[in-house]
Every structure is written in structure tokens, then in C-alpha cells.
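The values are calculated or read from the model by the stated rules, or taken from the named source; none is laboratory data. As the structure is a computational prediction, the values presented were derived from the model and not from experiment. With ideal geometry, Cβ positions are generated from the backbone for all residues, glycine too; neighbour counts draw on all protein chains shown.
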Amino acid sequence: MHYMQVPSHVEYERATSVEHALSLLSRPDTRVLAGGHSLIPMMKLRLAQPEVLVDINDLAELSYIRLDGGQLRIGALARHADLLDSAVAGELFPIFHDAERVVADPIVRLWGTVGGSLCQADPSEDLSAVFAAARAVAVIRGQDGDREIPVRQFHLGPYETVIGPGELLAEVRVPVPVPAHGGAGSAYEKVARRVGDWSVAAVGAVLRLGKDHIQDAGIGLTAVGAEHFVAAEAEDFLRGRAPDGESFRAAGAIAAEHCHPVADQRGPEDYKRHLVAELTARALCHAAERASR
Amino acid sequence: MTVNGTEYAREVEPRLLLIHFLRDELGLTGSHWGCDTSNCGSCVVWLDERPVKACTVLAAMADGRSVRTVEDLERDGRLDPVQQGFVECHGLQCGFCTPGMMMTARWLLDHHPDPAEAEIREVISGQICRCTGYENIVRSIRWAAEHSGENP
């Protein structure tokens, strides 16, 4: 007797070009299959039961990471391991390397994709908060062309995004900060119970510094019910203030107050709020250190 | 798909997972079917030269691609240094996680022939062994690094 987990019946199509993928995706009840490391487990549990899978793994034209016109452009099919290996990404945004070191495990990172993580829209997934902190823009391709949606407006709720039928996430664009005087820095701090587990809580910070003040701060929160994965009140608080420990601790307290963690097997609500306060301060300190290098 | 250098053509249901295709269709039972949730890594095989947890890949996704399993480590009656290392350093007890550990180890050594202990621990961090406490697995992989290119 086998007690194996089996997805329900599904059709399988392999896209040979982006145009082919878009035409396949215009059929009802399709799902994009990239790395599959979130979708296939969900299909085994029957939490997802698409009629048709559209395998986009052959679309090499969606797999790139390059600097172009003041933006870091990441193809949706870039694997987590590609982002972790990308020198240009790590230099401009150390937050990406911080986060990719703690996404799943090294074998899963070889297959899971950047676009897949965003589109899965799991509330505990790391890259949503990272890209929200970096004020990235999602480029969504449809048969009528591209539309650009800020990552901060990309998620409609758990497991739900703005991507409609017949559309495909093609690229994530990250504006490279041009600081006036003090540099730019970023960092991601995560607490998880063990390798490969979701965050208990995690915080990403992207700082742009002026001569002696904070020009702009982006703060992303993972797994704690923050609206659009962002600590907007803490970001507002920091603008114009001195980039020091006092400001960062105060921002952490504000972030902890405004998020909405729920108690689960990873911890009670007050512990998660404590983590948000602490990790926000740490990520901001780390980002500021990197900015002043 | 090509498995261990041999081409196979089969009609399969799209929902069939690669691990079950390898074990049940091709009879390659070296790769183990473990947790079924991509946590334990005992099902790790190579797909187009990179390790993957075969319980989280559809067999159809491997169509036209190349798969390598633990059965392919031994060549012409000679054990791969990774296999020899597991023998020398008692890298296995019950053996359930071993095929996955060895496929990941072979990939690591192909790319980093002289890995530090920390690198070895990192690369196997998504694979679970309930017997050894990992100590002897790490030693086995180091043994293989130190004895690569030797004729066993």
C-alpha cells in the first residue's frame, strides 16, 4: 500500500517561447510551472488543482540578471542560485544575497525561481518583502504588451497577485539608488527555526543616506501580516532623521506596532512583534554600515 | 528522457513525479522516496547536471532532458570516490539518505574539488540524516575530496 501524495489529474504543456506561453495561459485554469518547488507540493496537498500546467523552464530569454539604464533587471526565470551567484546584484543590493542565503536550502535554490517566489505570494516567502523594501517594479507581459506594477501593489492577498489570465511575470526591475552624499546600503535579517523553514519573522531594509540624514528608507516585513509586506509608518518616521541606533530602534518599535502577526506553530504574536522590532533595528544598522563603506 | 546515458521513451500521466518514474517505471530503486515534501533530500538526482529533489519534479518536466541517479556513480566496477569515502568513513548507517547525499556530494566536488567542512555542511543542509549526526557524512565527502583522481 502506497501512501504517496499525488497531484490530481492535470494537463501538461511546455512553452517554447514567451508568445507560446501567453497563448497557452489564456486557457482557463492554467498555472505557470517554473521551479515547481511551491506549486507541486501544493498540488500534492490538493491546495492547488489547476487544469493545465504551462512549463516555462525552456524560456531562456526570461533567465538573466543585468544592470541596464540605472536598473537591475532580473528575469522572472532567474533561479535563486543565480541571484545568489550574481556579483552585480550582490554589490548593488547586498540584501539579495542576505536573503538568498536563507531561502529554502541549496538544492531547492538551484530550481526555485525569483518570479515563482513572487507569484506564489506566500505570506512567509522572503523575496516579496525584499523587493518591496527595494521598491522594485514587476513587469507583467500579456498578449497586448507589458504593464509595470510596483511590487508594493503586486500582491492582492495570500497566494493572490494582480497577474490575470493570459499574463506572465516577465521581469523584476529594481531601481539602483543614487545617493547624494552618504551612500546606499541594504540588508536582510531572518529568524527561522531551521534550514529550509519559513521565517518566524524577517525584515529587509534598503537605506539611501544624505550627508547626515536618511534620504529614504525601504522596510519590508516577512511573515508578520504587514500590508503589502511593508512597514510604511516606520519608513515615514525615518525620512530626514539621523541614521543612528536611536532612530533605528524607534523605527523597529513602530514596525512592530503596525504589523499583524498571528500566533502559530512558529511562535506567539508577542514574540513575533519582538522579532520585528529587533530585526528591523538590526537590518537598518547593517544597511547603514554598508552605506557608509 | 536520458537516464544514466540510456534513452527511454514512455507514455506517462502528467502528474507522475520523477521519483516514481525512476523507481516504478525504470526500476531504478537506488533513489529513495522519503518525505514526499522536498524536505529530506533522499530523492536527490541530477537533472541536466544539477541536483534536484525528484519528489518535487514531474517526470514530464524531464522530457528531453538528462537525468543521473546514484546507479551511475559506479563506473566499470569502480566505485566513485564519494562512494568509497562513505565506505571508508562509515558515512551511512541505515542508508536511506545515502543516495541523495552522494549525488549532492558528487556535484559539490565537481564544482569545488576541495571544499571546507562548512561548505560541505551548507550544501547538504537541505537533506536529512537521522542516523549519523552528519559527522561521518562530512568526513566521507572530505575523504572523497582528498582521494579524487586516485584509482581505488
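Tabulated data for the structure shown
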| quantity | calculated |
| --- | --- |
| Residue in the stretch A:181-202 that is more than 21 Å from residue A:100 (Cβ to Cβ) and in contact (Cβ under 8 Å) with a residue 40 or more places away in the chain present | yes |
| Enumerated strands (runs of 3 or more DSSP E) restricted to the stretch A:11-120, each holding at least 3 residues that are within 13 Å of chain B (Cβ to nearest Cβ) and not β-branched (Val, Ile, Thr) | A:11-14 |
| Given (1) in a loop (DSSP other than H, G, I, E, B); (2) out of contact with any Cys (no Cβ under 9 Å at 6 or more places or on another chain), index of the condition residue B:122 fails | (1) |
| Within the stretch B:38-78, considering residues that are among the β-branched types (Val, Ile, Thr) and touching a Lys or Arg at 6+ places or on another chain (Cβ under 8 Å), the one surrounded by the most Cβ atoms within 10 Å (Cβ to Cβ) | B:44 |
| Matching residues in the stretch A:226-245 - criterion: being touching a strand residue (DSSP E or B) at 6+ places or on another chain (Cβ under 7 Å), surrounded by fewer than 24 Cβ atoms within 10 Å (Cβ to Cβ) and closer than 21 Å to residue A:211 by Cβ | A:235, A:239, A:240, A:241 |
| Which listed residue is outside the structural domain of residue A:287 (by TED's automatic domain parsing), under 26 Å from residue B:12 (Cβ atoms) and in contact with a helix residue (DSSP H, G or I) (Cβ under 6 Å, 6 or more places away or on another chain), from A:21, A:89, A:48, A:78 | A:48 |
| Lone unmet requirement of (1) among the hydrophobic types (A, V, I, L, M, F, W, C); (2) more than 9 Å from chain A (Cβ to nearest Cβ); (3) in contact with a helix residue (DSSP H, G or I) (Cβ under 7 Å, 6 or more places away or on another chain) for residue B:55 | (2) |
| Some residue of the stretch B:129-141 being among the hydrophobic types (A, V, I, L, M, F, W, C) and either within 25 Å of residue A:4 (Cα to Cα) or at pLDDT below 95 (or both) | yes |
| Matching residues, the stretch A:187-196, being part of a strand (DSSP E or B) and over 14 Å from the mean Cα position of the chain (by Cα) | A:191, A:192 |
| Candidate set from the stretch B:58-73 (those that are over 20 Å from residue B:109 (Cβ atoms) and in contact with an Asp or Glu (Cβ under 7 Å, 6 or more places away or on another chain)); member that is nearest to the other protein chains (Cβ to nearest Cβ) | B:61 |
| Selected residue [buried (at least 16 other Cβ atoms within 10 Å of the Cβ) and in a loop (DSSP other than H, G, I, E, B)] from B:94, B:129 | B:129 |
| Residue B:71 vs. criteria in contact (Cβ under 8 Å) with a residue 12 or more places away in the chain and either assigned by TED's automatic domain parsing to the domain that holds residue B:37 or in a helix (DSSP H, G or I) (or both) | yes |
| Subset of the stretch A:140-186 [assigned to a strand (DSSP E or B) and hydrophobic (A, V, I, L, M, F, W, C)] | A:140, A:149, A:156, A:168, A:169, A:170, A:172, A:174, A:184 |
| Any hit, the stretch B:107-116, residues being at pLDDT 95 or above, at the interface with chain A (Cβ under 10 Å from one of its Cβ atoms) and not in a helix (DSSP H, G or I) | no |
| Options A:277, A:263, A:291, A:283: the member that is of a type outside the set (Ser, Thr, Tyr), buried (at least 16 other Cβ atoms within 10 Å of the Cβ) and without any contact (Cβ under 8 Å) to a residue 60 or more places away in the chain | A:277 |
| Residue list for the stretch A:46-77, filter: closer than 18 Å to residue B:61 by Cβ, small (Gly, Ala, Ser), at pLDDT 95 or above and buried (at least 17 other Cβ atoms within 10 Å of the Cβ) | A:63, A:76 |
| Pairs, first aromatic (Phe, Trp, Tyr) in the stretch A:104-115, second surrounded by 24 or more Cβ atoms within 10 Å (Cβ to Cβ), C-beta under 6 Å, six or more apart | A:111/A:35; A:111/A:37; A:111/B:52 |
| Hey, residue A:156 within 14 Å of another protein chain (Cβ to nearest Cβ) and surrounded by fewer than 20 Cβ atoms within 10 Å (Cβ to Cβ) or not | no |
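Matching residues to (1) more than 13 Å from the chain's Cα centre (by Cα); (2) more than 11 Å from every other protein chain (Cβ to nearest Cβ); (3) part of a loop (DSSP other than H, G, I, E, B); (4) of a type outside the set (D, E, K, R):
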{"residue": "B:9", "(1), (2), (3), (4)": "yes, yes, yes, yes"}
{"residue": "B:21", "(1), (2), (3), (4)": "yes, yes, no, yes"}
{"residue": "B:32", "(1), (2), (3), (4)": "no, yes, yes, yes"}
{"residue": "B:45", "(1), (2), (3), (4)": "no, no, no, yes"}
